[in-house]
Amino acid sequence: MEVHNVELTISAVQPSQYPEGDLPEIAFVGRSNVGKSSLTNTLINRKAFARTSSQPGKTQTLNFYKVEEQVYFVDVPGYGYAKVSKQSREKWGQMIEKYLSERPQLKGVVSLVDARHAPSEEDIAMYNWLTYFGIPVLVVATKADKISRGKWNKAESQIKHSLEFDATASDFEMFSSQTKFGKENVWDWIEARMAD
Ligand code: GDP
């Protein structure tokens, strides 16, 4: 998609604030610092639109970005915070779980992992959880430019092995926000989900 127009529609702290209407939604999940804002900014051709790394302890919101009046990108705050209190993490987790499992507009989830490392336990839990609920998942391995091209296949198989990747329920792409490798394929996946 050629993107010219993006607006932050709402930073929601509760479900009553989610946008009305039936535009499809694509959610982006991953550990903080994995490259989530870099990916979304690449997809929408912006240098810095989606906020970079929400700081630990900051108010956590589900951010709905309306892209070309056709789709919402939903930025789900990075998991893996140490500093957020257990209580607020649980409350927050429940809101995210509810959003991901019960939102009719949600057509797919882009789940980011770092191409250089084995997925964390949280990455694995998130992947299992999403596939359990039958949500189409695109696993995007970020920062691919940081490993040599000759090692991409190995990195991909290691990530898939750790996730017990289910190729019937999910897809995989390598991505670099630095070289923009993977941008078209990620967009193709999103557009296919929008049409589902
Ligand atoms: P977020 O917390 O998941 O939103 O992560 P950011 O997008 O803010 O990225 C975290 C850090 O990783 C920043 O310093 C980015 O410049 C860097 N980064 C993100 N994506 C890439 C990438 O594809 N390649 C490289 N080399 N660095 C990246």
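The values are calculated or read from the model by the stated rules, or taken from the named source; none is laboratory data. On a predicted model such as this, the values are computed, not experimentally measured, just so you know. Backbone-built Cβ (ideal geometry, glycine too); neighbour counts: all protein chains shown.
List of remarks:
- Pick from the range 110-136, criterion among the acidic types (Asp, Glu) and touching a helix residue (DSSP H, G or I) at 6+ places or on another chain (Cβ under 9 Å), ranking: farthest from TRP152 (Cα to Cα): ASP123
- Qualifying residue in the range 137-158 (condition: in contact with a helix residue (DSSP H, G or I) (Cβ under 8 Å, 6 or more places away or on another chain) and more than 16 Å from the ligand (Cβ to nearest atom)): yes
- Screening TRP129 with (1) aromatic (Phe, Trp, Tyr); (2) modelled with pLDDT under 95; (3) assigned to a helix (DSSP H, G or I); (4) within 16 Å of the ligand (Cβ to nearest atom) gives one miss only, at (4).
- Residue in the range 99-114 that is assigned to a loop (DSSP other than H, G, I, E, B), surrounded by fewer than 20 Cβ atoms within 10 Å (Cβ to Cβ), among the polar types (S, T, N, Q) and modelled with pLDDT of 90 or more present: yes
- Whenever a residue of the range 173-196 is modelled with pLDDT of 95 or more and β-branched (Val, Ile, Thr), its partners that are assigned to a loop (DSSP other than H, G, I, E, B) and surrounded by fewer than 17 Cβ atoms within 10 Å (Cβ to Cβ), lying with C-beta atoms within less than 8 angstrom and at least six residues away or across chains, give the pairs ILE190/MET1.
- Residue check: ILE10 meets all listed conditions (1) in a strand (DSSP E or B); (2) more than 11 Å from the chain's Cα centre (by Cα); (3) within 16 Å of the ligand (Cβ to nearest atom) but one, namely (3).
- Across the range 16-28, the number of residues qualifying as more than 24 Å from ASP188 (Cβ to Cβ) and either modelled with pLDDT under 95 or under 18 Å from the mean Cα position of the chain (by Cα) (or both) comes to 1.
- All of (1) touching a helix residue (DSSP H, G or I) at 6+ places or on another chain (Cβ under 6 Å); (2) within 16 Å of the ligand (Cβ to nearest atom); (3) touching a residue at least 60 places away in the same chain (Cβ under 8 Å) hold for LYS107 with one exception: (2).
- First in the range 28-50 and over 19 Å from ARG193 (Cβ atoms) and near the ligand (Cβ under 6 Å from one of its atoms), second anywhere and modelled with pLDDT of 95 or more and of a type in the set (Lys, Arg), Cβ under 9 Å, 6 or more apart: VAL34/LYS143; GLY35/LYS143; SER38/LYS143
- Candidates ALA155, ALA192, filtered to the one that is closer than 12 Å to ARG116 by Cα and assigned to a helix (DSSP H, G or I): ALA155
- Test: ASP166 is away from the ligand (no atom under 16 Å from the Cβ) and either free of Cβ contacts under 8 Å to residues at least 24 places away in the same chain or touching a Phe, Trp or Tyr at 6+ places or on another chain (Cβ under 7 Å) (or both): no
- Residues in the range 132-149 that are closer than 24 Å to THR42 by Cα and either assigned to a helix (DSSP H, G or I) or not aliphatic (A, V, I, L, M) (or both): PRO136, THR142, LYS143, ALA144, ASP145, LYS146, SER148, ARG149.
- Single match in VAL139, VAL110 (criterion: of a type outside the set (Ser, Thr, Tyr) and in contact with a Ser or Thr (Cβ under 8 Å, 6 or more places away or on another chain)): VAL139
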